[in-house]
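One structure is given below, encoded as structure tokens.
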Amino acid sequence: MFCYYHYGDYVEQPTCLLFLKMADEQSHPPFSKPSTIPKDYNWEKLTSKDGDELEIHYRHTLENLGKEAGLLGVIFRKSQNKIQDLAKLKRLVELIGKETWTGLDMDVKGEIYEGILQKNAEDTKSGAGQYFTPRALIQAMVEVMMPEPCQTITDPACGTGGFFLAERDYLVKNHNLDRDQSRFLKEETFKGYEIVDSAARLCAMNLYLHGIGSEESPVTVVADPLLSEPKEHFDLVLTNPPFGKKSSYTINGKGKAEKEKQTYERADFWATTSNKQLNFLQHVRSLLKINGSAAVFVPENVLFEGGAGEAIRKKLLFECDVHTLLRLPTGIFYAQGVKANVIFFDRKSGREKPWTDTLRIYDLRTNRHFTLKENPLTKEDLKDFIKSYNPENRHERLETERFRQFKYEDLIKRDKISLDIFWIKDERPEDTENLPEPDVIAAETAESLQTAIEQFPEIYEDLKPE
């Protein structure tokens, strides 16, 4: 329909129009709710237009609603009409207008929209896949984290809201929520942060279709979630932050550092580094309440990088209970060649001895091969991890071929306190016929080079005479 645009452009138009239509439906019986949409820009006004008038009015509607506060502003912020064909715009308005969307089952609406978002993620040219974490993996992480009613949950890089929806589904299916708990789930449980307007829009609409959010949006658009110490703290943090290059700014823990003539001081950070993933790990720890729990995706270099990386791992193991590490296989993300892991830890109060006693590592990578289409990661592939994790009683776990434990005193003695630990023999054939695709090899090489480049300044500082 809009083949000359990225699929994300296609998603944006139905999102805005669908919100207008549903707001209109809720303003009529049996709901009869006061509409949050100004009369000049509501659905009735839009559908009264045709031809050039429709296009002009739709453009003004997007522009003006994007200036509103709350959920309305997040949905329409910086949205644009990408449908230049007037007949197609009119047809889309008619298609959305002939359905009664509010009457559809919430899970049906949500599933339709989730399918659209997954299709959007497959549009690799637009980069949309970076906002889409495999749903089977998200569901497994939520299952082992076991969210409880009336807990507060955040995602500082929420993308299209995959974690929030899995957590919402888990709470609804595993708990008989009373009225107060249901209200809390709708209005207070979730708080997301996103730097990209289009992703925030999709997330807010995704949550709205699943009954999450009120006039205030659960999603906040921020310039950079790392720039300041969080004012709110949460019971749970589940997040897959972007695996980008260095931060635009150097974040300061002890002392000061500048980049692009801007300085940001974070007294809550253990170390100063320009490595965005290490900063995100520190930020996640700061977001947690005492005894709060986190599950955060990290790239490979976070496990072994020296300098600030070593200092952060040392502090994390000492001041938090770092109890589980899941080593993920390649081939499960739309960005090919990514080597990722999930670190699970609990924030603790201060004491003189380390909180981490035993780190248990599950290796889902060695001798496992997945692709996005022919052999995608499924819930079945994660059953053994969930069983090994033993969420009902994390302190009674059994070692298996893929699940091993490592004591704190042994970890702290490792070179650079590296958590990059393997024990399963790699049985993959070494012949050239079984090498990964060239783009995967290139991505892995680029990642290794980037890690090396980021460590050069630290090596230089170590070599300088005192």
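Quick notes on this one:
- The single condition among (1) touching a residue at least 40 places away in the same chain (Cβ under 8 Å); (2) closer than 18 Å to residue 204 by Cβ that residue 139 does not meet is (2).
- Residue within segment 275-289 that is in the same structural domain as residue 331 (by TED's automatic domain parsing), at pLDDT below 90 and outside any strand (DSSP E or B) present: yes
- Going through (1) in contact (Cβ under 8 Å) with a residue 12 or more places away in the chain; (2) more than 14 Å from residue 243 (Cβ to Cβ); (3) among the basic types (Lys, Arg) one by one, residue 339 falls short only on (2).
- Qualifying positions in segment 21-52 - outside any helix (DSSP H, G or I) and closer than 22 Å to residue 217 by Cα: 27, 31, 32, 33, 34, 35, 36, 37, 38, 42
- Filtered residue count, segment 304-315, keeping only those that are surrounded by 22 or more Cβ atoms within 10 Å (Cβ to Cβ) and either among the aromatic types (Phe, Trp, Tyr) or closer than 14 Å to residue 419 by Cβ (or both): 4
- Odd one out for residue 205, checked against (1) more than 22 Å from residue 296 (Cα to Cα); (2) touching a strand residue (DSSP E or B) at 6+ places or on another chain (Cβ under 8 Å); (3) not basic (Lys, Arg): (2)
- In segment 321-348, the residue that is farthest from residue 389 (Cα to Cα) out of those that are modelled with pLDDT of 95 or more and surrounded by fewer than 20 Cβ atoms within 10 Å (Cβ to Cβ) is 348.
- Of everything in segment 350-374 that is within 13 Å of residue 331 (Cβ to Cβ) and free of Cβ contacts under 8 Å to residues at least 12 places away in the same chain, the residue that is surrounded by the fewest Cβ atoms within 10 Å (Cβ to Cβ) is 373.
- All conditions but one from (1) surrounded by 23 or more Cβ atoms within 10 Å (Cβ to Cβ); (2) modelled with pLDDT under 95; (3) of a type in the set (A, V, I, L, M, F, W, C) apply to residue 190; the one that does not is (2).
- The requirement of being outside any helix (DSSP H, G or I) and of a type in the set (Asp, Glu) is fulfilled nowhere in segment 408-417; no residue meets it.
- Among the residues of segment 146-166, the ones that are in a helix (DSSP H, G or I) and either surrounded by fewer than 24 Cβ atoms within 10 Å (Cβ to Cβ) or of a type in the set (Gly, Ala, Ser) (or both) come to 2 in all.
- The residue pairs whose first member lies in segment 32-58 and is on the phi > 0 side of the Ramachandran plot, whose second member is part of a helix (DSSP H, G or I), and whose beta carbons are closer than 6 Å, counting only pairs six or more residues apart or on different chains, are 51/86.
Quick grid of which residues meet (1) surrounded by fewer than 20 Cβ atoms within 10 Å (Cβ to Cβ); (2) in contact with a Leu (Cβ under 6 Å, 6 or more places away or on another chain); (3) among the β-branched types (Val, Ile, Thr); (4) modelled with pLDDT of 85 or more:
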position: 212; (1), (2), (3), (4): no, no, yes, yes
position: 216; (1), (2), (3), (4): yes, no, no, yes
position: 219; (1), (2), (3), (4): no, no, yes, yes
position: 222; (1), (2), (3), (4): yes, no, yes, yes
position: 227; (1), (2), (3), (4): yes, no, no, yes
position: 231; (1), (2), (3), (4): yes, no, no, yes
position: 248; (1), (2), (3), (4): yes, no, no, no
position: 256; (1), (2), (3), (4): yes, no, no, no
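- Of the residues making up segment 342-353, those that are under 21 Å from the mean Cα position of the chain (by Cα) and more than 22 Å from residue 399 (Cβ to Cβ) number 1.
- Check on residue 356, over 22 Å from the mean Cα position of the chain (by Cα), at pLDDT 95 or above and either in a strand (DSSP E or B) or in the same structural domain as residue 290 (by TED's automatic domain parsing) (or both): yes
- The residues of segment 53-99 that are more than 25 Å from residue 160 (Cβ to Cβ) and assigned to a loop (DSSP other than H, G, I, E, B), listed by number, are 84, 85, 98.
The values are calculated or read from the model by the stated rules, or taken from the named source; none is laboratory data. Quick caveat, the model's predicted, so the values are computed rather than measured. Heads up, the Cβs are rebuilt from the backbone with ideal geometry, glycines too, and the neighbour counts pull from every protein chain shown.
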